[in-house]
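Data block below; observations after.
The values are calculated or read from the model by the stated rules, or taken from the named source; none is laboratory data. These numbers come from a predicted model, not from an experiment. Quick reminder, even Gly has a Cβ in these numbers, built from the backbone with ideal geometry, and neighbours come from all protein chains shown. Remember, those area values only see protein heavy atoms, side chains included, never the ligands or the DNA or RNA. Shrake-Rupley method; radii C 1.70, N 1.55, O 1.52, S 1.80 Å.
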Amino acid sequence: MDELSIEQRAAKLLEGDDVDKDDLRFFLSRLLQIQEDQGRDASRAVLRGAGLGALFIILTHSKLLEVELLGMKVHDISPLRLIIPVAMMLMVLRAVTVLRLSTFYRRIFQEVAGRHLPSWQASGLIPLLSPWRGPMSTHASPIRLDANEHPGVDRLHQAMRMVDAWAGTAALAGFQIYIFVILFKDPRISTITAAASLGISVTLILFVAAYLWFARLGRHPSVPAGGGGV
């Protein structure tokens, strides 16, 4: 059982038609609650990353040169900026993993509803039951219920999602370049330590890319939704 993939475990869950109605409702409600929490988690990761960027600018351009840390006075806090780009990439990794999990939970919700509550799936209103408290570009579903009101609504929504995603990516890449230009030019920071921070940040970027790549390769076909309801 431990060797089964997540998709195979989901298929096991959907086997048979003898599902208790109360158990099913509890399971679906937990899936929705988890997804709402994941949206908030993605928002927090983005906000923390933005906060770290603001902190880097403050430490770079302010006249704050010393601080008391754990009872000891630190006379030069500029090296603390080396941690910020690494921490920002950790926030990106957190947001990406939350997105992948949320996508999976949403797919399981649709499969369970399609098998045991076919009228829910037929209604087309399932997106209403999946609240998302995260950025538009990290929404688990591109579906909009008003897309059929006018052909341009869905196209506009998709364009907004794409702009949001690319703008976030460009802003992150541009700010990381800005950070390391500042760090390498700062005489108070050694080239070796700046290069180490850069190396860790690049490693995390490659890890995020590899995570997304292998997640895409490992995607299995959705479990077919069968008939039968409760």
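Data table
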| quantity | calculated |
| --- | --- |
| Identity of the residue in segment 34-73, more than 23 Å from residue 101 (Cβ to Cβ) and charged (D, E, K, R), that ends up modelled with the highest pLDDT | 63 |
| Residue in segment 194-209 that is farthest from residue 79 (Cα to Cα), counting only those that are among the β-branched types (Val, Ile, Thr) and open to solvent by 60 Å² or more (accessible area, probe 1.4 Å) | 205 |
| Number of the condition not met by residue 77 [criteria: (1) open to solvent by 60 Å² or more (accessible area, probe 1.4 Å); (2) modelled with pLDDT under 85] | (1) |
| Residue 194 vs. criteria under 25 Å from residue 39 (Cβ atoms) and at pLDDT 70 or above | no |
| Residues of segment 82-107 satisfying the condition of being open to solvent by less than 20 Å² (accessible area, probe 1.4 Å), farther than 12 Å from residue 49 by Cα and modelled with pLDDT of 85 or more | 98 |
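The rows are residues; the columns are (1) at pLDDT below 70; (2) within 21 Å of residue 44 (Cβ to Cβ); (3) open to solvent by less than 60 Å² (accessible area, probe 1.4 Å).
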| site | (1), (2), (3) |
| --- | --- |
| 130 | yes, yes, yes |
| 133 | no, yes, no |
| 149 | yes, no, no |
| 158 | no, no, no |
| 167 | no, yes, yes |
| 179 | no, no, yes |
| 211 | no, yes, no |
